[in-house]
Amino acid sequence: MKEFDYIVNDELGIHARPAGQLAKLAKGYADTVITITKGDKTVKATQLMKLMNLCVKQGATVTVKVEGPQEEEAFAEVQKFFNDNL
């Protein structure tokens, strides 16, 4: 398992557009579980509505965990996504 913490910089936080893009990215790694944690709530990145319900705002810290057979590749892609989009 690999993980990283990320402070969201986007002024709208994790809103519909990036949440949808993240869910689509995560679905590309079907055998690898990608989770996003804010506070005491953890959701799979493939679950768009649950991801949006985390209500992640600008300045919030989230923990991203990646576990599975493709975790190296998925970790790199997800980390790049966060850096480029959030």
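Computed from the coordinates by the stated procedures, all read-outs in this text should not be read as laboratory data. Fair warning: this is a prediction, and the values are worked out from it, not measured in the lab. Cβ placement follows ideal geometry from the backbone for every residue including glycine, while neighbour counts extend to all protein chains displayed.
The requirement of being farther than 10 Å from Val78 by Cβ and of a type outside the set (Val, Ile, Thr) is not satisfied by Ala26.
Please go through the range 1-13 and pick out each residue that is of a type outside the set (D, E, K, R) and in contact with a strand residue (DSSP E or B) (Cβ under 8 Å, 6 or more places away or on another chain). Before the answer, list the steps.
Quick first cut of the range 1-13, residues of a type outside the set (D, E, K, R) only: 1, 4, 6-9, 12-13.
Listed by number, the residues that qualify are Met1, Phe4, Tyr6, Ile7, Val8.
Of all residue pairs spaced 6 or more apart or on separate chains, those with beta-carbon atoms under 8 Å, a first member in the range 16-33 that is assigned to a helix (DSSP H, G or I) and a second member that is among the hydroxyl-bearing types (Ser, Thr, Tyr) and crowded, with 18+ Cβ neighbours inside 10 Å are Ala23/Thr46; Ala26/Thr46; Lys27/Thr46. For the range 34-83, taking the residues that are part of a helix (DSSP H, G or I) and touching a strand residue (DSSP E or B) at 6+ places or on another chain (Cβ under 7 Å), the one that is nearest to Ala16 (Cα to Cα) is identified as Leu51.
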